[in-house]
2 protein chains.
Amino acid sequence: MAISTKPPTGTRDFLPETMAQRRAVIGTVEEVYRRYGFLPLETPAIENLSTLLGKYGDEGDQLIFRLLHRGEKLSRLLEENPAAVRESQLADLGLRYDLTVPLARVVAEHGSRLPKFFRRFQIQPVWRADRPGHGRFREFYQCDADIIGSESMTVEADLLSAVCEIFDGLGFADVRIKVNHRQLLFALVDAAGIPEAQETEALVAMDKLDKIGADGVVRELLGRGIAAAAVEALRPVLSQELGDGNAALLDALTARVGDSERGAKGLADLREVLRMCDRSPAAGRLTVDPVLARGLSYYTGPIFEVEVADLAGSLAGGGRYDELIGMFLGRRVPACGIALGLERILVVMAERNMFAPSTDGPQVLVTCWSEELAPEGLALATELRRAGLRVELYPEKTKLGKQLKYAGSREIPLAAIMAPDEVERGTVQLKDLRSGEKHDCLRGEVCDRARALLGGDSP
Amino acid sequence: MAISTKPPTGTRDFLPETMAQRRAVIGTVEEVYRRYGFLPLETPAIENLSTLLGKYGDEGDQLIFRLLHRGEKLSRLLEENPAAVRESQLADLGLRYDLTVPLARVVAEHGSRLPKFFRRFQIQPVWRADRPGHGRFREFYQCDADIIGSESMTVEADLLSAVCEIFDGLGFADVRIKVNHRQLLFALVDAAGIPEAQETEALVAMDKLDKIGADGVVRELLGRGIAAAAVEALRPVLSQELGDGNAALLDALTARVGDSERGAKGLADLREVLRMCDRSPAAGRLTVDPVLARGLSYYTGPIFEVEVADLAGSLAGGGRYDELIGMFLGRRVPACGIALGLERILVVMAERNMFAPSTDGPQVLVTCWSEELAPEGLALATELRRAGLRVELYPEKTKLGKQLKYAGSREIPLAAIMAPDEVERGTVQLKDLRSGEKHDCLRGEVCDRARALLGGDSP
């Protein structure tokens, strides 16, 4: 009996009480996505490694779970020339790492069957072989919405509006959205005198501003071999001293990027996003943050992260990735999306006590008087269930007091009792376990009586 | 651009129209499970191989997808003594193969936090490295319900009732349930004179009766080295000539098994299941089938399969597995469950044209008059969405006719149009694309007018 019964490292079992919270959040997310005209998509947990590799940066590639070849294919490999076996030969399938790359593959594969502007939502788990930590898991759900097919910044505004409505719907009052633009970021790095070959290095360091502060980023930039003069030139951006408020900041950034084409494009897009959001649910919640970088390498335009006041890190993030679908299709298709991190949202909601008590457990326990009368109990349970009530059947004969105690421990409000004389008379006793009151009712009225006793709880 | 955009062999992308059908079926399944007092559980896609192996029989073990070790652990293995590397060293994690073994692990791990009688439902994908075929996939959903903690046959009756209500709810009128008992099966094989060492061999052959007929099973039994006299003794069972109707059949079987303890137990349980179902939704739908075996090795008591008239194979199956949890816990915990095969149900429903047309697409397209007026469109879309309507925003400026044509092709019933003079006057034009009628309405009335035009379609 030495088998461990724990789920594997970084994964979790979701018992009913946790499931109720997860489903409540997913329900709100999905309801808003539906009202925003998004349609559901699901893709396989398993993808070809050729689909996954080269989309998430080097670190991402390392974190992809791979599926070992099986049977003959594997034995041949291990037998023929074992000394030459390399990781890449042992697998050609991997587990889904995010929901964006599978979407890009789907658009490339099924494009002709999809609307010109494809608005899809997708709520599924993804897997990353990351070191597990507080709120960081190896299996976790993402809740994505993306709009394919348009370069207009109305797309960004529409997505950010949906996100704001979701967080409002969940009960968050303090959501803020940081926005930046990949092209602007490159222009700023360029304007500081960092050569193109070091651009990605610089971005990786700048992305850590939240965690290690401006001085930390400066040290890291120098450590990565970036020239001191260039680092000094970047310092005002890192220290966020460029201007107060989006308008002033955008003006200061305009001056900094000079006549850079990428800079001008980034700034024009950001101004357009702000204008488009002006009368939307996202109005007043956007802050331009010229250091926001986002890790994934496929972003090409505006990028954003959603934050709440007292939490380091983001609850959602996304951006524009106009080149990713082209990697599969050979032809450019503009796209933009947002991913909500379900696990972090749940952690914050639990810490803030934002969940209403769950009310979807059984409403009636049909007790068991005797083995002989058990079919009578099943018949009664069927009637109550057909009337829409959630009914549990006590499965075996034991003292009635024990059965009622069981109902109490489960917080089941009503128990239905049928002793032989009640069966004979055609009655049922409903016991309200909250008040202790007993109600004798005719068999034909038991559903109505139970519903009335359950009041607002019943469907 | 040589990357394949197809999903891996045996897996599928579910586009919105397919998703609508899948969700409709899952919705019905879940709704019935809830009324039957089952609570939701989810377990990780990834399990320790020690959890999975040895539960499904040898063939099952072969079909488990394994996750390749990564990084240092793998390179050390491949470098140190490559010639000695074996499959079992390359992985210690695998993908979920069914939902029953993970449930058994969960009960062993979290038992003290669960109700004495734990009724859980679980609707999640499982993975099997099977050869894909018609209606057979490598990733597919199961919809399970199980009751843990009681040996009473009310449990079987309660599960079979739920299954009947599900298939009724889905619109199947012709569901039949075959029932048998593992102990009876062993007793029959024993009574025919097949030695214990060959019992499993015999069961594997008998399980193929549906596919290869009685003569085929006889040939297979002989081919597996079972004595001709024993095979001849089994023939009446295989030919289903023992009796007409459950009562006559059970009597004939009673005579056949003689004083076998296992046989008596199996027959008593089956009689009890029939009695318990007598006034339940499963009444009149059960047929005792003494050859039904079911592949999985963990069953110990009653087993059942759900069938519809013109379909080979089953839409659901299950049974009692009183020893499985003990493999994790070291102490026996009785358990019984049913698994619905979502994919086969969907295939049959599609073939029989049982799906209602999907009505959950967008209801209103907010058109785009100009880049300048786009924020006005977003504001209007927000109002309509907050009124509960599903609204798509046309993302960019193009000819109005083209936008309306797009709405038509998407079967979106209403388009909202705001030209500059309408914005100035504070009005919106709603165009009903089904009738072609135009309705000018005040901005403040647009939600009510849209809802009225959508009639029964709106929430």
Across the range B:149-161, what is the total count of residues that are touching a residue at least 60 places away in the same chain (Cβ under 8 Å) and surrounded by fewer than 24 Cβ atoms within 10 Å (Cβ to Cβ)? 3
For the range A:119-134, which residues satisfy the criterion of being in a loop (DSSP other than H, G, I, E, B), modelled with pLDDT under 95 and of a type outside the set (Asp, Glu)? A:Ala129, A:Arg131, A:Pro132, A:His134
Just for the range A:1-22: of the residues that are of a type outside the set (A, V, I, L, M) and more than 18 Å from B:Ala45 (Cα to Cα), which one is farthest from the other protein chains (Cβ to nearest Cβ)? A:Gln21
Out of all the residues in the range A:36-74, which are buried (at least 20 other Cβ atoms within 10 Å of the Cβ), more than 7 Å from chain B (Cβ to nearest Cβ) and in contact with a strand residue (DSSP E or B) (Cβ under 6 Å, 6 or more places away or on another chain)? A:Phe38, A:Leu52, A:Ile64
Those residues of the range B:82-98 which are in a helix (DSSP H, G or I) and either at pLDDT 95 or above or more than 7 Å from chain A (Cβ to nearest Cβ) (or both), in sequence order: B:Ala84, B:Ser88, B:Gln89
Condition test on B:Ser280, is it among the hydroxyl-bearing types (Ser, Thr, Tyr), assigned to a loop (DSSP other than H, G, I, E, B) and farther than 30 Å from B:Thr18 by Cβ? yes
Check on A:Arg12, over 23 Å from A:Asp146 (Cβ atoms), of a type in the set (D, E, K, R) and surrounded by 14 or more Cβ atoms within 10 Å (Cβ to Cβ): yes
In the range A:338-356, residues that are polar (S, T, N, Q) and in contact with a Gly (Cβ under 9 Å, 6 or more places away or on another chain) total 0
Condition set under 22 Å from the mean Cα position of the chain (by Cα) and within 14 Å of chain A (Cβ to nearest Cβ), scope the range B:264-297, selection surrounded by the fewest Cβ atoms within 10 Å (Cβ to Cβ): answer is B:Arg285
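Only one of A:Thr398, A:Thr427 is more than 20 Å from A:Gly361 (Cβ to Cβ), away from chain B (no Cβ under 12 Å) and of a type in the set (Val, Ile, Thr); which?
Every option except A:Thr427 fails the conditions.
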Restricting attention to the range A:26-49, does a residue exist that is more than 22 Å from the chain's Cα centre (by Cα) and either farther than 30 Å from B:Gln21 by Cα or not aromatic (Phe, Trp, Tyr) (or both)? yes
Output yes when any residue across the range A:388-403 is in contact with a helix residue (DSSP H, G or I) (Cβ under 9 Å, 6 or more places away or on another chain), surrounded by fewer than 21 Cβ atoms within 10 Å (Cβ to Cβ), touching a residue at least 40 places away in the same chain (Cβ under 8 Å) and in the same structural domain as A:Glu437 (by TED's automatic domain parsing), and no when none is. yes
Residue check, A:Gly133 on the phi > 0 side of the Ramachandran plot and more than 10 Å from chain B (Cβ to nearest Cβ): no
With the condition kept exactly as written, say whether any residue in the range A:316-331 is among the acidic types (Asp, Glu), over 30 Å from A:Gly135 (Cα atoms) and part of a loop (DSSP other than H, G, I, E, B). yes
Could you please find all residues in the range B:331-370 being within 11 Å of chain A (Cβ to nearest Cβ), more than 26 Å from B:Phe14 (Cβ to Cβ) and at pLDDT 95 or above? B:Pro334, B:Cys336, B:Val366, B:Cys368
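The values are calculated or read from the model by the stated rules, or taken from the named source; none is laboratory data. What you see is a predicted model, and the numbers here were worked out from it, not measured in a lab. No Cβ is skipped: glycine too gets one built from the backbone with ideal geometry, and neighbour counts run over all protein chains shown.
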